[in-house]
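See structure below.
The values are calculated or read from the model by the stated rules, or taken from the named source; none is laboratory data. A quick note: this is a predicted structure, and the numbers were derived from the prediction, not measured. Every residue, glycine as well, gets a Cβ built from its backbone with ideal geometry; the counts of neighbours run over all protein chains shown.
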Amino acid sequence: MEAFNKQKFKPRQRIWLILGGLVVLAILLYQIPPIHDRLSWRLDYAWIYIKGIFDPVEAVPTPVAQTQPAATATPSPTPSPTLPTPTVELSPTPQPSPTPLPVQVFLPSPKNELEDLNACGPATLAMYLRFYGWEGDQYTISEIVKPVRADRNVNVEELIYYSRNYTGWLNTEYRVGGNLTVLRQLIGAGIPVMIEGSFMLDKAFYPNDDKWAGHYQLVTGYDDSRQSFIVQDSEKGPDLWVTYDQLKLNWQSFNYVYILIYPPSQQEQVKAILGPDWDPEVNRENALALAQSEIDANANDAFAWFNLGTNLVYFDRYSDAARAYDQARTLGLPQRMLRYQFGPFIAYFNTLRNEDLLALADYSLERTPNSEEALLWRGWALYRLNRKAEALDSFNQALEEHPEYADAIYAVQYVQEH
């Protein structure tokens, strides 16, 4: 009988040994960087999709009921402090009137660079810098601003930091509240423009995915006869035509932000094109007025309300900003909005609306579990709610997702000392 049992189970033992060996081999192979890079994000997205089946994605949470008055077109329940009028820096000599723009301008297209995982920011910046003879690529930039490959967002400020600190022989600026005329004028002056806007993903990454996402593009030409711009796209390829109307529509959801990189010799020319918007304070005032005008034209425009809040945050008008964001949330925002823009966190933090802050941070982390910004603000909400240990865990997670994240380092030190 004993010999019979040994013969019966020996093949089964072999199967288990083979399976175990294959599992060990798979684990070892997964550690090899090229294989890990190819598979890790696919496993992450598979997990996100499976999770979405059992825990369906809901809409951005609406505001927690407040005792303050409801938002109005201009959310100012009390008179706002008068902002000082900034002095606009003028050129040493008067600038001539702008010459009429040609009906079409096509700047040389830099070598296109298709983005690595969630790297449209570094890839687009690499193309921009390459226009001026820079010899790096997106990985050169990502080493500094995106050290963790899985990081799904690189902010405008991070890209500006890289350009100013690592390509200092060029001037770098960014502004908000841009328009199609300024784009055409800058391109006409030989300066490409990098913008951030929205686009629709080709596939759903979880059930009920609205497919809305943020994306950078480099604008290098235009043709009035076609009413279209030429853009360099790190996902879809070089020299794509985008209509004026479509570009403006996509651009609005990011406050019409644009990045300018140009040789110092063109400084005065850039000043002349931007006019009052050269001054960052005046630029924000103008962007605030633009958002208000869009609300006046369509009070149901959620992006206009969101932009209003973002520009109010710039002026530290947090109560007004919070009410603007309330209205945007009530009207409805895309599921991934808080992956890219963090004004609501700042507004709710500064108005002591801890429940709203925590709800939005948690929602953002459901969509983007490795968002260092959402982890940071979740930590501050937890700290405010006297959940200090959980707050420290959240801050430390933010540091794991983005090593040397200065805001998280400060948060850890602050909580440990208090």
Hits in segment 294-344 - residues which are among the polar types (S, T, N, Q) and assigned to a helix (DSSP H, G or I) | Asn307, Thr310, Asn311, Ser319, Gln327, Thr330
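Those residues that are hydrophobic (A, V, I, L, M, F, W, C), surrounded by 24 or more Cβ atoms within 10 Å (Cβ to Cβ) and within 28 Å of Met200 (Cβ to Cβ), I need them from segment 348-371; list them, please. Even if it seems obvious, please write down each step before you answer.
Step one: filter segment 348-371 for residues hydrophobic (A, V, I, L, M, F, W, C), giving 349, 352, 357-361, 365.
Applying the additional criterion that residues be surrounded by 24 or more Cβ atoms within 10 Å (Cβ to Cβ) yields 357, 360-361.
Once the filter is applied, which keeps residues that are hydrophobic (A, V, I, L, M, F, W, C), surrounded by 24 or more Cβ atoms within 10 Å (Cβ to Cβ) and within 28 Å of Met200 (Cβ to Cβ), segment 348-371 yields Leu360, Ala361.
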Residue set Asn153, Asn112; condition touching a residue at least 24 places away in the same chain (Cβ under 8 Å), over 15 Å from Gln232 (Cα atoms) and in a loop (DSSP other than H, G, I, E, B); output residue Asn153
Would you pick out the residues in segment 150-178 that are over 17 Å from Gly136 (Cβ atoms) and either surrounded by fewer than 18 Cβ atoms within 10 Å (Cβ to Cβ) or at pLDDT 95 or above (or both)?
-> Ala150, Asn155, Val156, Glu157, Asn171, Glu173, Tyr174, Arg175, Val176, Gly177, Gly178
Looking for whichever is buried (at least 21 other Cβ atoms within 10 Å of the Cβ), hydroxyl-bearing (Ser, Thr, Tyr), out of contact with any Phe, Trp or Tyr (no Cβ under 7 Å at 6 or more places or on another chain) and touching a residue at least 12 places away in the same chain (Cβ under 8 Å) here; the options are Tyr132, Tyr139, Tyr128. Which one fits?
-> Tyr128
Criterion violated by Phe395 - all others in (1) farther than 21 Å from Ala302 by Cβ; (2) outside any helix (DSSP H, G or I); (3) of a type outside the set (Gly, Ala, Ser) satisfied = (2)
In segment 374-418, the residues that are more than 24 Å from the chain's Cα centre (by Cα), surrounded by fewer than 16 Cβ atoms within 10 Å (Cβ to Cβ) and not charged (D, E, K, R) = Leu385, Asn386, Ala389, Gln413, Tyr414, Gln416, His418
Test Arg164 against the stated conditions and say whether it is without any contact (Cβ under 8 Å) to a residue 24 or more places away in the chain, of a type in the set (D, E, K, R) and out of contact with any Lys or Arg (no Cβ under 8 Å at 6 or more places or on another chain).
-> yes
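How many residues does segment 161-181 hold that are in contact with a strand residue (DSSP E or B) (Cβ under 7 Å, 6 or more places away or on another chain) and of a type in the set (S, T, N, Q)?
Taking segment 161-181 and keeping what is in contact with a strand residue (DSSP E or B) (Cβ under 7 Å, 6 or more places away or on another chain), we get 163-164, 170-175, 178.
Now narrow it down to the ones that are of a type in the set (S, T, N, Q): 163, 171-172.
Of the residues in segment 161-181, 3 are in contact with a strand residue (DSSP E or B) (Cβ under 7 Å, 6 or more places away or on another chain) and of a type in the set (S, T, N, Q).
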Between a first residue in segment 391-418 that is within 20 Å of Ser364 (Cβ to Cβ) and a second residue that is at pLDDT below 95 and not aliphatic (A, V, I, L, M), which pairs have beta carbons less than 6 Å apart while being 6 or more apart in sequence or on different chains?
-> Ala398/Tyr405; Leu399/Tyr405; Glu401/Asn370
Checking Phe306 against (1) farther than 27 Å from Arg367 by Cβ; (2) surrounded by 23 or more Cβ atoms within 10 Å (Cβ to Cβ), which single condition isn't satisfied?
-> (1)
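So, restricting to strands (runs of 3 or more DSSP E) that lie completely within segment 179-264, which ones have at least 2 residues that are among the β-branched types (Val, Ile, Thr) and either buried (at least 19 other Cβ atoms within 10 Å of the Cβ) or out of contact with any Lys or Arg (no Cβ under 9 Å at 6 or more places or on another chain) (or both)? Outline the logic, then answer.
Values: elements: 193-200, 212-223, 228-233, 237-243, 258-262.
Counting at least 2 such residues, we get 193-200, 212-223, 228-233, 258-262.
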Scan (1) under 15 Å from Phe349 (Cβ atoms); (2) surrounded by 18 or more Cβ atoms within 10 Å (Cβ to Cβ) for the single condition Ala328 breaks and write down its number.
-> (1)
